[in-house]
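Before I ask anything, let me first share the structure, which is written out below as structure tokens.
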Amino acid sequence: MFFLRSRVIRTARLKLVVSFLAAFIFEAVAIWLYLRRADSPYLLYGVLAAHTLSALSFILITSAKPRALPGLAFYYPRIAALFTFFMPVIGLCGITLTLLMARVFMRSHGLAEEYREKAYVGQGIDVDLPKDITEFLYDEVDVHPIADILAGDDMGMKRGAVNLLRRIGSAEAVRLLRKSLSDVNAEVRFYAHTALTRLEEDYAESLDKARFRVQRYDSAQAHAELAITYRNYARSGLPERNMQEQALGLACEHWRTAVQKAPDNADFNMRLAEVCCESRQYREALELYQKSIVVPELELESRLGMCRIFFEMGNYISLYEQVLLMQSRPVPPASDPFKLSTYNFWIEYFSEPETEDDADNISEDFDLSGVIT
């Protein structure tokens, strides 16, 4: 299961720490033998053996998983082994300080962080800021120009494009990162590996935190946050098909728990209906939408959800009847212009033809028996 990945990451980190401890012990033995080299000339062979074991400890203790964990399990240990072997004492101390400083002091700074800073500065101003940074980046930065950059030969631009794809984190960005794993340039492949790994780590960390809040508080809001995290992971493009279905199933379970703990929260019911529809639990989703139609603020979204269910199920007769009902009623109020445009699309698509030629064209594409030709 994908949430076990956090355990794999912790194990890799523990192995890396153990390898550093072993390397320092062997290096200390090598220094001690070197200082006593006057007692026997054969101690120099012991110095060389201990120093070699100090470098090999990074390879022998850690697991070689370049695909799963390219940083912790493959590249970092081998870089540390090279520094330790070719620069005795200094190399080991240097790579240790470098990794510690990178872990403690270095922070990523890019579009996401700049947006958060601006949002924080503008808290006193009444502006409509998006709540989800991922949606903001996906809307503001299109991935198609990035795909053109990845198809080029400029290595600097390609590295920057891979880093930007990681910050976007959308399903399309993940698809391009996976495609970059087969790039001709080894550095681009490394950056793509690292980007995908960090995305997995970010989701694993978010899930761990959300599960901790559920175990500690067991509140409707905590279950809702965990369900949202599961759904975001399923839609990220990172998991395989079976893992995606499992994540959506877990999202449904936690949304149901949130609805049970807060039955008066209409938004929870709508989110549960959305996830049920995405996980192809159409009967439950349809029942939830039918219950929410009576609420004026949720009527438009509920009818759109029912249209989506009928369309995905291939029940075009029910879809046609639902659209006719929508045409006979005034358009419900909506604050989301996208949903309002979708609602108008359904109404206009099934509108009465103005001429006989239009009627002939519609009859060729749509049959009232429920079959699209």
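State in Å² the accessible area per residue of the stretch 187-300; use a 1.4 Å probe, count heavy atoms of protein chains only, and round to the nearest integer.
Numbers: 5650 Å² over 114 residues.
Heavy-atom accessible area per residue stands at 50 Å².
Longer than 25 Å from Cα to Cα, which of Lys15/Lys158; Lys158/Lys339; Lys209/Lys261; Lys261/Lys291 are they? Say none if no pair is. Don't jump to the answer; show the numbers that get you there.
Numbers: Lys15/Lys158 32 Å; Lys158/Lys339 36 Å; Lys209/Lys261 20 Å; Lys261/Lys291 18 Å.
With Cα atoms farther than 25 Å apart: Lys15/Lys158; Lys158/Lys339.
Quick check: net charge around Leu250, other residues with Cβ under 12 Å of its Cβ, Lys/Arg +1 and Asp/Glu -1?
Local net charge: +1.
Express in nm, to one decimal, how much length is gained between Ala38 and Thr52 on full extension, taking 0.36 nm for each residue of separation and deducting their alpha carbon distance.
Numbers: separation 14, 0.36 × 14 = 5.04 nm, distance 2.11 nm.
Separation in residues times 0.36 nm, less the Cα-Cα distance, equals 2.9 nm.
Something else: Report the gain in length on full extension from Ile79 to Met313: 0.36 nm times residue separation, minus Cα-Cα distance, nm rounded to one decimal. Walk me through the intermediate numbers first.
Details: separation 234, 0.36 × 234 = 84.24 nm, distance 5.37 nm.
Contour length minus the Cα-Cα distance gives 78.9 nm.
On a C-alpha basis, how far is the centre of the stretch 303-330 from the centre of the stretch 202-218 in Å? Whole number, if you could?
Centre-to-centre distance over Cα atoms comes out at 38 Å.
With label points built 7 Å along Cα→Cβ from the Cα atoms of Glu297 and Glu321, find their separation and express it in nm.
3.1 nm
Here is a further query. With the crude spin-label approximation of a point 7 Å out along Cα→Cβ, what separation in nm comes out for Met101 versus Phe350?
Placing both labels 7 Å along Cα→Cβ, they lie 6.6 nm apart.
Counting pairs of alpha carbon atoms under 8 Å apart in space and at least six apart in sequence, what relative contact order in percent does the stretch 248-302 give?
Relative contact order, the stretch 248-302: 28 percent.
Under a Cβ-Cβ cut-off of 14 Å, what is the net charge of the residues other than Phe85 that fall near it, where Lys and Arg count +1 and Asp and Glu count -1? Please report the intermediate quantities before stating the final value.
On the way: positive: Arg78; negative: Glu27.
Once positives and negatives cancel, what remains is 0.
The values are calculated or read from the model by the stated rules, or taken from the named source; none is laboratory data. No experiment lies behind these values; they were computed from the predicted model shown. Methodologically, a virtual Cβ is constructed for each residue, glycine included, from the backbone with ideal geometry; neighbour enumeration extends over all protein chains shown. Protein only, heavy atoms only, side chains kept; ligands, DNA and RNA dropped before computing areas. Shrake-Rupley method; radii C 1.70, N 1.55, O 1.52, S 1.80 Å.
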